[in-house]
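Engineer: Structure below; questions to follow.
The values are calculated or read from the model by the stated rules, or taken from the named source; none is laboratory data. Note that the structure is a prediction, hence the values are computed from the model and not measured. Because the Cβ atoms are built from the backbone with ideal geometry, glycine has one as well, and the counts that use them run over all protein chains shown.
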Amino acid sequence: MGQDLIRYDVLAQDALRGVIRKVLGEVVKTGLPGEHHFFITFLTSAPGVRISSRLREKYPELMTIVIQHQYWDLQVNETAFEVGLSFSDIPERLLVPFSAIRGFYDPAVNFELEFDVQSAEAANTQGEAVEPIPLEPVAPQPVAPLGKPAKLPARQKAEAGSEEEKSPAEDGDDKAAEKKDAQVVSLDAFRKKT
């Protein structure tokens, strides 16, 4: 088999990230339709990601955010999205390039996209640099505290693995939850087994 000089794998990944861009762009215009909501997992150390140092310390590699009830000022451009979210009752602004996204999941319709970390990192080392995206700063808005999240079934916890961090969406008011180590739920835990 010949060498893939066109890099179809990278082109396909970029096209699928375009689906996320399109969906988030529609949410900006019309809001979340029906029961749709999104779990978005991204690399916090990827070029162009802008999060607070507090969040970067807590999530040095991967972070999963939830776009559902408590978000504000969602903005989308060709290369990134920016959103306001609350983490432990502290409002934060996040800027996430689409190239940093590693997983996208809409549980309302069981739709999932997963991106190959190795292919994306290889493309980045071949000279693709993400330039900073200028978006206008927005003052934080007051946010009501998040409700307690539903617990994952034992099977999904086991599939999620031991090196996970807690999703910010699971970061409730409960002080006991703050004392636990953080966990990120792998999107594989939501896949239907065939």
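Engineer: In this structure, is residue 57 farther than 26 Å from residue 14 by Cα, in a loop (DSSP other than H, G, I, E, B) and charged (D, E, K, R)?
Structural biologist: Taking the combined requirement at face value, the residue does not satisfy it.
Engineer: Would you be able to say whether some residue in segment 86-94 is within 24 Å of residue 26 (Cβ to Cβ), part of a strand (DSSP E or B) and not charged (D, E, K, R)?
Structural biologist: Yes.
Engineer: Here is a further query. Hey, can you tell me all the residues within segment 46-63 that are farther than 14 Å from residue 103 by Cβ and either of a type in the set (A, V, I, L, M, F, W, C) or surrounded by fewer than 18 Cβ atoms within 10 Å (Cβ to Cβ) (or both)?
Structural biologist: 47, 48, 49, 50, 51, 52, 53, 54, 55, 56, 57, 60
Engineer: Six or more apart or on different chains, Cβ under 6 Å: which pairs go from a residue in segment 2-19 that's modelled with pLDDT of 90 or more to one that's part of a helix (DSSP H, G or I)? Could you list them?
Structural biologist: From residues that are modelled with pLDDT of 90 or more, the pairs are 17/98.
Yes/no per residue for (1) modelled with pLDDT of 90 or more; (2) within 12 Å of the chain's Cα centre (by Cα); (3) acidic (Asp, Glu):
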| site | (1), (2), (3) |
| --- | --- |
| 79 | yes, no, no |
| 84 | yes, no, no |
| 90 | yes, no, no |
| 100 | yes, yes, no |
| 104 | yes, yes, no |
| 114 | yes, yes, yes |
| 123 | no, no, no |
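Engineer: Could you say whether any residue in segment 6-27 is surrounded by fewer than 18 Cβ atoms within 10 Å (Cβ to Cβ), in a strand (DSSP E or B) and not aliphatic (A, V, I, L, M)?
Structural biologist: So far as segment 6-27 goes, no, none of its residues is surrounded by fewer than 18 Cβ atoms within 10 Å (Cβ to Cβ), in a strand (DSSP E or B) and not aliphatic (A, V, I, L, M).
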